[in-house]
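The values are calculated or read from the model by the stated rules, or taken from the named source; none is laboratory data. None of these values were measured; they are calculated from a predicted model. Cβ atoms come from the backbone with ideal geometry, glycine included; neighbour counts cover every protein chain shown.
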Amino acid sequence: MELESQPATPAKAEISFDDFSKMDIRIGKILKAERVEKSKKLLKLQVDTGLDSRTVMSGIAEHFTPEEVVGRQVTILVNLAPRKIMGVESQGMILMAEDKNGDLKLLAPDKEVSPGSAVS
């Protein structure tokens, strides 16, 4: 298979279990999505995290249309410090898999789970 023959990117520096346990990774559901004006890469997402509904700016617009992601479950880092992107406060990060060609894939459970379900 072609994917198997491509070498993976090198591993990042080792972290401790305590470092990993600080990350709050959950399953969320995308409620709304829209393109960001003056940006080719950004989608503004409204995500149900099970804790709340929050805005997450995600650089996935070259890979997905807003219509393709609404209703989809995603893996989200919920305790990332908020950051302003294009004047909008982003409150988390959608985790993605990127293949050797730079194509992004959503990370989601194989069966639907409740928003807010913890990833461990």
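Being under 22 Å from Val119 (Cβ atoms) and in contact with an Asp or Glu (Cβ under 8 Å, 6 or more places away or on another chain) is a property that holds for Leu31. Residue by residue through the range 51-69, note down the ones that are part of a loop (DSSP other than H, G, I, E, B) and crowded, with 16+ Cβ neighbours inside 10 Å. Correct list: Gly59, Ile60, Ala61, His63, Phe64. Kindly evaluate Val113 against the criterion of being in contact (Cβ under 8 Å) with a residue 60 or more places away in the chain and of a type in the set (A, V, I, L, M). Here the answer is yes, as Val113 does meet what is asked.
The listed residues are Val74, Val88, and the only one of them that is within 14 Å of the chain's Cα centre (by Cα), among the aliphatic types (A, V, I, L, M) and either surrounded by 13 or more Cβ atoms within 10 Å (Cβ to Cβ) or modelled with pLDDT under 95 (or both) turns out to be Val74. Identify all residues within the range 31-47 that are surrounded by fewer than 19 Cβ atoms within 10 Å (Cβ to Cβ) and either β-branched (Val, Ile, Thr) or touching a residue at least 24 places away in the same chain (Cβ under 8 Å) (or both); write none if there are none. Passing the criteria: Leu31, Lys32, Glu34, Arg35, Val36, Lys38, Ser39. Yes or no: Lys100 surrounded by 10 or more Cβ atoms within 10 Å (Cβ to Cβ), charged (D, E, K, R) and assigned to a strand (DSSP E or B)? So Lys100 does not fit the description; no.
Of all residues in the range 48-68, those being closer than 18 Å to Arg83 by Cα and in contact (Cβ under 8 Å) with a residue 40 or more places away in the chain number 2. Residues in the range 103-116 that are at pLDDT 95 or above, under 21 Å from Ala8 (Cβ atoms) and assigned to a loop (DSSP other than H, G, I, E, B): Leu107 alone. Can you confirm whether Lys12 is closer than 23 Å to Asp99 by Cα and among the charged types (D, E, K, R)? Yes: the conditions hold for Lys12. Looking at this structure, is Asp103 in contact (Cβ under 8 Å) with a residue 12 or more places away in the chain, under 29 Å from Pro7 (Cα atoms) and of a type in the set (D, E, K, R)? Yes, satisfied.
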